[in-house]
Amino acid sequence: MKAYNPKFNVSARVYRLLEEIGAAKERVQSSLVKLPWVPSLVKNARARMAWGSTAIEGCTLSLEAVEGLLEGKEATGYPDLHVQMAKNYLKALSWITKREKALSIKEADILKAHKIIAQGAVDEGPVGVYRKEDVRAGLHVGAPWKNAPGLVRELLEWLNGPAKAMPAVFSSAILHLRFAEIHPFRDGNGRVARILATWDLYRKGFDTMHVFALDEVLLENRNFYIKNLQRVQVEGEDLGGWLEYMAESILETLKRVEKRIHSIAPKTNTPIALTLRQEKLLKHLSEKGSLRISDIAKHLGVTVPGAHYVLKPLLNFGLIKKTGSHKNTRYSLP
């Protein structure tokens with residue numbers, strides 16, 4: 001089997017972008033120290049990723065509709081295929097999150113990822129197996145179908161070997177591009193390429209809290225994203241331009257995360273150490289919306305005075321808000 005060995009030249013600007021990315025990432029992580037459990041940010045990022053990645057492929061669901069799917073609501077008024085696209089992508093994000101510590105990505109993982117993403121959500125099959133015909137995606141012609149499995153294996157050999165020494169920004173971007181270039185499946189390749197790139201960032205500890213939503217940024221200028229793919233795939237340009245584009249997109253993603261964190265972070269410079277019960281309560285409130293004190297006590301398995309004891313520091317730090325009075329008092333996330 002021939003080794004995959006991507007060659008590229010990067011400009012000085014790319015290294016400056018890497019420095020800015022590193023600094024922004026540090027700021028995000030230090031901000032999260034104030035709020036070690038950030039359910040609303042995680043939930044928001046997951047919805048934005050699923051919305052962005054599927055909308056790139058033509059899914060018409062709004063961000064609000066995808067957020068509703070996360071809460072167990074039905075998305076009405078949309079084509080069934082589009083609803084399934086969003087549901088499957090959310091499921092795929094959960095799947096890679098459970099495997100974020102994986103030391104390697106195997107061929108079986110690639111096929112499984114496609115099955116999760118594509119089941120009932122592609123125009124043409126088969127699902128979870130390599131294609132048996134040649135394909136074209138826009139201007140790009142995928143690898144000959146007989147070569148596709150071997151090319152995927154070469155890519156994984158590189159990813160699980162030499163790529164480990166690369167910055168996560170580089171390895172995830174090259175994985176994204178090369179997978180889309182091979183185009184090993186009949187349909188759903190773009191979504192699989194983006195989920196694999198996200199998984200690589202998770203595995204390398206780049207997004208330990210899962211609060212980045214890169215796909216949202218890629219969607220906002222979809223034509224430019226596709227053009228940057230085609231510059232390498234069709235026009236044969238050096239990989240350096242693609243790496244610069246992805247570095248810019250990741251930096252923009254980090255800047256948006258910073259803004260979201262600042263919008264919900266407590267106005268204090270004191271790090272907050274949450275108890276397990278407090279983390280459990282924040283998670284439950286993110287899922288339920290608002291609760292009475294009796295509901296909170298029942299969920300935590302404590303008395304009502306015990307529930308007030310758990311709530312007090314969260315109220316003081318502004319992590320939970322209180323509305324109503326007496327028997328109508330309810331608690332929710334700000």
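The values are calculated or read from the model by the stated rules, or taken from the named source; none is laboratory data. It should be emphasised that the depicted structure is a prediction, and the values quoted were computed from it without experimental measurement. Backbone-built Cβ (ideal geometry, glycine too); neighbour counts: all protein chains shown.
Candidates are the residues of region 294-314 that are farther than 18 Å from P334 by Cβ and β-branched (V, I, T); the one that is surrounded by the most Cβ atoms within 10 Å (Cβ to Cβ) is V302. When K267, K227, K259, K255 are checked against the criterion of being basic (K, R) and either modelled with pLDDT under 80 or not in a helix (DSSP H, G or I) (or both), K267 stands alone in meeting it.
Somewhere in region 121-132, is a residue within 22 Å of the chain's Cα centre (by Cα), buried (at least 19 other Cβ atoms within 10 Å of the Cβ) and under 22 Å from E244 (Cα atoms)? Taking every residue of region 121-132 in turn, none turns out to be within 22 Å of the chain's Cα centre (by Cα), buried (at least 19 other Cβ atoms within 10 Å of the Cβ) and under 22 Å from E244 (Cα atoms). Among the residues that make up region 107-118, is at least one of them closer than 23 Å to R178 by Cα, touching a residue at least 40 places away in the same chain (Cβ under 8 Å) and of a type in the set (V, I, T)? Yes - at least one qualifying residue is present in region 107-118.
Within region 181-191, can one find any residue that is in contact (Cβ under 8 Å) with a residue 60 or more places away in the chain, among the β-branched types (V, I, T) and assigned by TED's automatic domain parsing to the domain that holds V141? Within region 181-191, none of the residues are in contact (Cβ under 8 Å) with a residue 60 or more places away in the chain, among the β-branched types (V, I, T) and assigned by TED's automatic domain parsing to the domain that holds V141.
Within region 125-134, does at least one residue satisfy the condition of being under 30 Å from L63 (Cα atoms) and modelled with pLDDT of 95 or more? Checked region 125-134: at least one residue is under 30 Å from L63 (Cα atoms) and modelled with pLDDT of 95 or more. Scanning region 34-52 for residues that are of a type outside the set (A, V, I, L, M, F, W, C) and at pLDDT below 80, we see that the one that is surrounded by the fewest Cβ atoms within 10 Å (Cβ to Cβ) is P36. Here E107 clears all of (1) within 19 Å of A197 (Cβ to Cβ); (2) of a type in the set (D, E, K, R); (3) buried (at least 19 other Cβ atoms within 10 Å of the Cβ) except the condition numbered (3). Restricting to region 192-226, name every residue that is more than 22 Å from L63 (Cα to Cα) and among the basic types (K, R). Answer for region 192-226, where residues must be more than 22 Å from L63 (Cα to Cα) and among the basic types (K, R): R203, K204. For region 193-214, a tally of residues being surrounded by 19 or more Cβ atoms within 10 Å (Cβ to Cβ) and farther than 24 Å from E107 by Cβ returns 6. Restricting to region 3-14, and then to whatever is exposed (fewer than 12 other Cβ atoms within 10 Å of the Cβ) and closer than 20 Å to K164 by Cβ, can you tell me which residue is farthest from the chain's Cα centre (by Cα)? Step by step, filter region 3-14, then rank; the result is A3.
Residue by residue, here is whether (1) crowded, with 17+ Cβ neighbours inside 10 Å; (2) in the same structural domain as F170 (by TED's automatic domain parsing); (3) in a helix (DSSP H, G or I); (4) without any contact (Cβ under 8 Å) to a residue 40 or more places away in the chain holds:
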{"site": "A23", "(1), (2), (3), (4)": "no, yes, yes, yes"}
{"site": "V28", "(1), (2), (3), (4)": "yes, yes, yes, no"}
{"site": "A65", "(1), (2), (3), (4)": "yes, yes, yes, yes"}
{"site": "G77", "(1), (2), (3), (4)": "no, yes, no, yes"}
{"site": "A86", "(1), (2), (3), (4)": "yes, yes, yes, yes"}
